[in-house]
1. Show me the helices (runs of 4 or more DSSP H) entirely contained within segment 403-500 in which 1 or more residues are farther than 30 Å from Tyr57 by Cβ.
2. Report, by residue number, each residue of segment 161-202 that is acidic (Asp, Glu) and either in contact with a strand residue (DSSP E or B) (Cβ under 9 Å, 6 or more places away or on another chain) or not in a helix (DSSP H, G or I) (or both).
3. Within segment 288-304, track down each residue that is assigned to a loop (DSSP other than H, G, I, E, B), farther than 18 Å from Asp261 by Cα and of a type outside the set (Gly, Ala, Ser).
4. Against the condition over 30 Å from Phe334 (Cα atoms), touching a residue at least 60 places away in the same chain (Cβ under 8 Å) and either in contact with a Phe, Trp or Tyr (Cβ under 8 Å, 6 or more places away or on another chain) or not hydrophobic (A, V, I, L, M, F, W, C) (or both), how does Lys180 come out, does it pass?
5. Out of (1) within 30 Å of Gln343 (Cβ to Cβ); (2) surrounded by 20 or more Cβ atoms within 10 Å (Cβ to Cβ); (3) not hydrophobic (A, V, I, L, M, F, W, C), what's the single condition that is false for Lys286?
6. Looking only at segment 226-257, how many residues end up being of a type in the set (S, T, N, Q) and out of contact with any Lys or Arg (no Cβ under 9 Å at 6 or more places or on another chain)?
7. Against the condition more than 24 Å from Met436 (Cβ to Cβ), in contact with a Gly (Cβ under 7 Å, 6 or more places away or on another chain) and assigned by TED's automatic domain parsing to the domain that holds Val153, how does Asn36 come out, does it pass?
Amino acid sequence: MKASDLFIKALENEGVEYIFGVPGEENLDFLQSLKNSKIKLILTRHEQGAGFMAATYGRLTGKAGVCLSTLGPGATNLVTPAAYAQLGAMPMMMITGQKPIKKSKQASFQIIDVVDLMRPITKFTKQIVNSNNIASSVREAFRLAIEERPGAVHLELPEDIAQEDCEPDVFEVVGHIIPKADDIAIDQAVKMIQDAKMPLLLIGAGANRKITCEALREFVDTTGIYFFTTQMGKGVIDERHAQYLGTAALSSNDFIHTAIDQADLIINVGHDVIEKPPFFMKKGGKKVIHVNFSPAGVDPVYFPQLNVVGDITPTVKKLSQRIAKQQNWDFSFFEKVKKEVAQHLSTYFKDERFPMLPQRLVNLLRESLAPQDIITLDNGVYKLWFARNYTCYQPNTLLLDNALASMGAGLPSAMAVNMIHPDKKVVAVCGDGGFMMNSQELETAIRLKLNLTVIILNDNAFGMIKWKQEDMGFDDFGLDYKNPDFVKYAESYGANGYRPANDGDFQEILRHCLETDGVHVIDLPVDYSLNHPILNVMLKQKTQKL
C-alpha cells in the first residue's frame, strides 16, 4: 500500500470526519489519497483558520480535530492554533508536509525544523522517517491528543515517505479508562469540607470537557454550597441556579472576589492555572481542594493543600453521597453577594443608547437565543462583559478562550460549531480587530453554505488595550485605526451585510439574521465609554463596602 493511502486509512480508523487546511505541493500525494476517502477536506483561506476550526471541533466533540498545512510558512501559520489548542485543552492533530528527507535537490529552500518548532506547544511532535511507522505514529498521536489533559499533537510527512510502499495494517483504537480517585483522598476532602465554615465551589474548564453537569448539580443541590465558574467553565450548571454567584471574568475587585476572599475553603473542580487564575492563594490563607484528572503543579499563586486526582464525575458523586448540609456553614455573606450581583449585572440591559453598550448586546442575545444555541467570542474587552453578564443555561454554549486568549478565533470557531451542530443557531461576536485577522474565512463559510451570524463590534481601535491603557494612567496613543466598509466587505464575499442605525434597527436585523439561512455580518457600533468607570473604578468602590 502507498504510504499516503495508509495515512488516510489510519485517520479513517480514528473516526476522522474532516481535515481543515491549506495544502501545498509537499502534500500532493496525501491530497490524492484523501480524494478517495470518506473524510471531507475543508479548504480554508489561511492555515490559522483551519487550526482554529480543528481545535473547536476537538473542544466540542472530545475527538481530535485534524488540520493540514505544507512545510515552512504553512506550518508556522499553525503555531498560534497549536498553542490555542494546547493551552485550552482542545484535542487537535496537525499534519504538515516536508521536502524529501532522503534526497532533495532544493537545498534549504523553505526548510525549517518544524518538529522542534512544535515541541514546546504540543503534547507530541514527530517526523515520520519510515512509512511502516505511520500507523503506530497516528494511533499514538491520537491517543495523546485525546487523553487528559487534551491538547495539540503534530506529525510531519515528508514527500518521499508519502510515496513509499508499506504494510497496510492499522492499529486498533483502544479507549482509555481514567482511574478513579483514591478513597483516602476523598475521605480527606469530605473532612475538610465538613469542617469548613464558608466552603465555595469553583467550576473550571476541565469540568466542561466531560459529562459532569449532572454530578455537579447534584453536589450543589445536596450540600447547598454556592458555586462560581471560570470563564471556560461557564454553563456546566445552569446559571439560573439559586447557588450560582457568578463568573470570575476579572482578576480582582469584582463582586465574586469578595465571596472568594471570605471563603475559608475553595473546592476547585476542573480548573488549572493555564486558564487565567480567578484567585491567588497566599500562605496562611484559605485552603484549596484540587479535584481534577491530574495533580496541581506547585505555583506561586496556586498550591492546594489536597489533590483529589482521578475521573471528576465519580469523585463528585462520591462527595455528594457523603456530604449533607452542615449546621456550621454560614452562607449569609454569599447570599448578600448574590443579591448585589443580580442588581448590578442587569443595570444597563435596557439602555437603548446608540452606539450600543456591550451589556445591552449581551441582554439582547440572551433574549434572542434558545438555551442550546451557541455564541463564539473572539478576544477583546467585550469578552469580559459576556463572561460576567451572559447567563449560560447549558455547557459549551458560550465558547471563549481564556488560556491563550488569541484574537482571530471567533469566526473560524463559529464555522466549526455550525458544521458540528447545524440544528443550532450560531453567533460569532468579534471585535473589529479580531475579525480582520481571519475575515477571509467568510469565503470559506459561503462556499460551505454555512448558517451563522457575525456581529462585529466596531470601535475603530484595539479596545481591550485602550481600556488597560486608561486604567494604568497612560495617554491614549497608538491603538486607533480605520476599518473597511464591513457591509460592502461582507457582500463582496457573497454574505449579507447590515449596519443598524439605532437599537430598534439592530433588534430587527438580529431577528432577521437568526431566522434566515446564510452568512450574515452585522457592523455594530459599540460604546465602550463605561468600561473604565465600571470595571476599574465603580466595582472597586462597591466591593470594598461589602
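The values are calculated or read from the model by the stated rules, or taken from the named source; none is laboratory data. Please read these numbers as outputs of a predicted model, since none were measured by experiment. FYI the Cβ positions are ideal-geometry reconstructions off the backbone, even for glycines, and counts take in every protein chain you see.
1. In segment 403-500, 463-471, 486-493 are the helices (runs of 4 or more DSSP H) which contain 1 or more residues that are farther than 30 Å from Tyr57 by Cβ.
2. Of all residues in segment 161-202, those acidic (Asp, Glu) come to 164-165, 167, 169, 172, 182-183, 187, 195.
If the condition is that a residue be acidic (Asp, Glu) and either in contact with a strand residue (DSSP E or B) (Cβ under 9 Å, 6 or more places away or on another chain) or not in a helix (DSSP H, G or I) (or both), then Glu164, Asp165, Glu167, Asp169, Glu172, Asp182, Asp195 are the ones that fit.
3. Phe293, Pro295, Val298
4. The answer is yes for Lys180.
5. (2)
6. Result for segment 226-257: 1.
7. Working: more than 24 Å from Met436 (Cβ to Cβ): yes; in contact with a Gly (Cβ under 7 Å, 6 or more places away or on another chain): no; assigned by TED's automatic domain parsing to the domain that holds Val153: yes.
In short, no.
Yes or no, residue by residue, for (1) surrounded by 24 or more Cβ atoms within 10 Å (Cβ to Cβ); (2) at pLDDT below 95; (3) touching a Leu at 6+ places or on another chain (Cβ under 9 Å):
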position	(1), (2), (3)
Asp378	yes, no, yes
Ala403	no, yes, yes
Met419	no, no, yes
Ile455	yes, no, yes
Lys482	no, no, no
